[in-house]
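**Q** Quick one: the structure is below, questions incoming.
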Amino acid sequence: MLPIELAILDVCALRSLSREPECHGFLIASLIKGMQNNRLLTAYGTLYRALSRLEKAGFLTSRWEDISSLAVESRPRRRLYQITDAGSKALANSLSMAVQPVNTMRVIHLPERGLA
């Protein structure tokens, strides 16, 4: 998994613990910039391509927000993302792999070739 994808899952996992588990792209970008290295987001296209990949993999779900909430705020409709159980498991697996100690080096024995 790419670092940007892990950062997105991390942000969405943290949001899932709150009363508002869904988040839109701009909020995700803002939270990543606040928590992670800014270089992860070179452009918003990077974010939305990663969101699409994560959704296709089943790690996120998304929906368009209700139109009724837009009239009060005078803004465009946003797509809301939420982490799935599969996404939580993928994040946990990636994090556990990152902190595992490195095994000792394996020695590979190659068959000896006869010297002529």
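**Q** Considering Leu31, Leu70, which residue is more than 24 Å from Ala7 (Cβ to Cβ), modelled with pLDDT under 95, of a type outside the set (S, T, N, Q) and surrounded by 12 or more Cβ atoms within 10 Å (Cβ to Cβ)?
**A** Values: Leu31 fails: more than 24 Å from Ala7 (Cβ to Cβ).
Result of the check over Leu31, Leu70: Leu70.
**Q** Let me ask another. Pick from Arg39, Arg49, Arg53: which is of a type in the set (Lys, Arg), at pLDDT below 95 and closer than 22 Å to Glu65 by Cα? Can you show your working first?
**A** Details: Arg39 fails: closer than 22 Å to Glu65 by Cα; Arg53 fails: at pLDDT below 95.
Every option except Arg49 fails the conditions.
**Q** Still on this model: Restricting to segment 14-24, give me the number of residues that are touching a helix residue (DSSP H, G or I) at 6+ places or on another chain (Cβ under 9 Å) and either under 13 Å from Leu54 (Cα atoms) or of a type in the set (S, T, N, Q) (or both). Break it down stepwise before answering.
**A** Of all residues in segment 14-24, those touching a helix residue (DSSP H, G or I) at 6+ places or on another chain (Cβ under 9 Å) come to 14-16, 21-23.
Next, only the ones that are either under 13 Å from Leu54 (Cα atoms) or of a type in the set (S, T, N, Q) (or both) stay: 16.
Of the residues in that region, 1 qualify.
The values are calculated or read from the model by the stated rules, or taken from the named source; none is laboratory data. Source: prediction; values computed, not measured. Neighbour counts run over all protein chains shown; Cβ positions are idealised from the backbone, glycine included.
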